[in-house]
């Protein structure tokens, strides 16, 4: 009695064909995932800039746009901490209110992986990429806040950072996307 099945040569040919297809498809798929994540980061960056400008306009109306001390302004149903009329880099008192993402969580440390859709951490002095000048230590001066997606931490170079240098100029908002 003869049994039907695949020969070893047929199995090897199928494995080679699947390997060739995956060699072309996998990088394209992985590239689309990275591109999609970077597009989301660009949207978050735009949202931060727009919200920061709104807060600055509100601070101007309230007359605290040139105040070098921390002030709290009423921005609807929240109070936002500002310096020189712009939101500070403190997460709890300021930056978290600038976003309307569905699921944003505060993380306790720079190495804590985000397990929500988005996470944030503020009151920092540097960002992993070093794209901003190191902030002075020992002062209550400017601070950095960063928003990053699920699976990443503050220390990963994937996220959007926000820095108010307390000099009256608009905050520096940028993207770290090296390892997205």
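Judged by the mean number of other Cβ atoms found within 10 Å, the most tightly packed of the peptides 123-135, 154-166 leads the ranking 154-166, 123-135.
Model label points for residue 92 and residue 169, set 7 angstrom from Cα along the Cα-to-Cβ axis, are 3.1 nm apart. Our note on the geometry: Cα centres of the range 139-180 and the range 72-127, 10 Å apart.
Every read-out reported here was derived from the displayed coordinates using simple, explicitly stated rules and does not represent laboratory data. Everything numeric in this text was worked out from a predicted model, so none of it was measured. Because the Cβ atoms are built from the backbone with ideal geometry, glycine has one as well, and the counts that use them run over all protein chains shown.
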